[in-house]
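Step one of this worksheet: look at the structure below.
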Ligand SMILES: [Fe+2]
């Protein structure tokens, strides 16, 4: 799961940089929501009884963990995490952060499936360095 999370974060940051969305607020929201979107999957075997239950409930539970972990309650981050499984779940992203996370999650999940990393480790480090310089 850690590789997936970092892959989603790198993919989302890459999208932002490619499209000149380098606003500190946007990048921070994109990185935070990417890092937290699947955090409730830690220990999933003890929380959920099926893949369907996992699919339906983990976004909401990840929001609760995001709030507890960061002490924050940013509405754009909450909506991005809550809607990241769209269209598999009917919760529609309301902000660009949510659409970026949803897209990055699908790209990363696909490349995980094909066993091809979305970016090389070197590209990931470079992207995260570029993003940190804009913040
Ligand atoms: Fe997820």
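The values are calculated or read from the model by the stated rules, or taken from the named source; none is laboratory data. Quick caveat: nothing in here was measured; it's all calculated off a predicted structure. Note that each Cβ is placed from the backbone with ideal geometry, even for glycine, and that neighbours are counted across all protein chains shown.
Points to keep in mind about this one:
- For residue 30: the one exception among (1) farther than 15 Å from residue 2 by Cβ; (2) within 12 Å of the ligand (Cβ to nearest atom); (3) modelled with pLDDT of 95 or more: (2)
- Selection of segment 61-82 for residues being over 12 Å from the mean Cα position of the chain (by Cα) and more than 11 Å from the ligand (Cβ to nearest atom) yields 64, 65, 67, 68, 69, 70, 71, 72, 73, 74, 75, 76.
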